[in-house]
Amino acid sequence: MQASEARRATAAAISTASSLGLTVDDAVVLHDSNKLTLRLLPCDVVARVAPVAHQIARFEVELAQRLAESGCPVAVPDPRVEPRVHERDGFDITLWTHCEAVSPREFSPADHADALRRLHAGMRGLDVPTPHFTDRVEEAQRLVADRDRTPALADADRELLGDTLRTLRRVIGERGGAEQPLHGEPHPGNVLATKHGLLFIDFETCCRGPVEFDLAHAPEEIGAHYPGVDHDLLRDCRLLVLAMITTWRWDRDDQLPDGRRLGREWLGQIRAARGG
């Protein structure tokens with residue numbers, strides 16, 4: 001978030017938690033991107049704050065509750081307040097249980113693969129409306145094609161990204177493999193290492209597709225421990241995901257620290273993978 005918006009979001013989170021009887025003297029920023037994640041102290045609750053226009057918070061709260069009831073390894077809303085979306089000053093605020101963190105090194109790639117397998121098993125049992133993963137690919141394709149939104153992207157790089165997205169979207173779709181609800185972005189930033197085990201957060205990108213699409217977001221060694229993986233499909237999904245996240249880095253509004261440097265580095269990796 002922009003600094004002024006982040007200040008307003010923080011004030012809205014503090015005000016909301018206080019109005020619900022939680023004691024808040026301080027707010028520590030845990031993550032700042034399209035939404036703001038705060039640790040409110042001393043009540044020790046995690047507040048996630050997003051502009052009302054995002055309209056995804058209610059889905060996330062309901063999905064997390066249903067997954068937790070199924071025994072899935074997910075973070076859950078704080079039990080001290082009603083599990084719902086609180087709207088204040090143009091923001092949607094949700095309040096979550098803070099889990100004591102441990103070192104990620106305490107968990108092996110096999111542990112991570114097992115946690116993701118359990119999450120997928122739970123998601124298969126839910127009937128939830130989700131977009132298809134190709135809808136997200138299409139979003140990236142539109143961004144590549146929009147020169148106003150990606151003005152710094154060179155023509156050769158624009159052509160490379162557009163062709164990679166188009167080709168792999170078709171190739172993966174033609175495989176016709178099993179599909180199911182997915183987390184959408186289970187990369188390390190969306191996995192908490194806690195004393196209760198690995199817990200998944202941030203389901204705003206939940207979609208439907210092959211499990212290999214989720215695995216493509218995780219470190220490579222995790223795929224070796226996930227049962228029944230189609231490794232050819234996983235390889236294609238990894239390159240597709242790389243093209244997608246590279247595209248986001250060229251969005252003129254991208255706020256990822258050092259994002260443009262990463263975008264250039266990833267373009268080189270895509271070009272090498274495609275023999276360019």
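Observations on the structure shown:
- When the solvent-accessible area of region 1-56 is split by element, carbon and sulfur atoms take up 52 percent of it, the probe being 1.4 Å.
- Pairwise FRET efficiency - Glu62 versus Glu106, Cβ, R0 = 35 Å, nearest 0.05: 0.70
- Cα gyration tensor, region 98-177 - rounded (a/c under 1.5), prolate or oblate: prolate
- Among the GluC sites (Glu not before Pro) in region 49-127, those located in a DSSP loop and surrounded by at most 14 other Cβ atoms within 10 Å of their own Cβ are Glu100.
- At a probe radius of 1.4 angstrom, the accessible area of the chain per residue rounds to 49 square angstrom.
- Shape category assigned to region 33-73 from the gyration tensor of Cα positions, a/c cut at 1.5: oblate
- Between Arg166 and Leu262, the contour length at 0.36 nm per residue exceeds the alpha carbon distance by 32.4 nm.
- Euclidean distance of C-alpha centroids, region 210-276 and region 15-45, integer Å: 32
- Degrees, to the nearest 10: 259-273 long Cα axis against longest axis of the chain: 30
- Estimated from helices alone, the mean residue ellipticity of the chain at 222 nm is -14500 deg cm²/dmol (sum of -39500 (n - 2.57) over DSSP H runs with n ≥ 4, per residue).
- In loop segments of region 142-181 as defined by DSSP, the trypsin sites (Lys or Arg not before Pro) with at most 13 further C-beta atoms inside 10 Å of their C-beta are Arg147.
- Once the Cα atoms are used to define both axes, helix 133-145 deviates from the longest principal axis of the chain by about 70 degrees.
- Accessible surface of region 128-276, 1.4 Å probe, proportion on carbon and sulfur as whole %: 48
- Three-way shape call for region 23-132 based on the alpha-carbon gyration tensor, with the a/c threshold at 1.5: oblate
- Helix 57-69 vs. the chain, principal-axis angle (Cα, 0 to 90°, nearest 10): 90
- In this structure Ile172 has an accessible area near 10 Å², from a 1.4 Å probe over the protein heavy atoms.
The values are calculated or read from the model by the stated rules, or taken from the named source; none is laboratory data. On a predicted model such as this, the values are computed, not experimentally measured, just so you know. Here Cβ is always computed from backbone atoms with ideal geometry, including for glycine, and neighbour counts include all displayed protein chains. Surface accessibility is based on the protein's heavy atoms, side chains included, excluding ligands, DNA and RNA. Shrake-Rupley method; radii C 1.70, N 1.55, O 1.52, S 1.80 Å.
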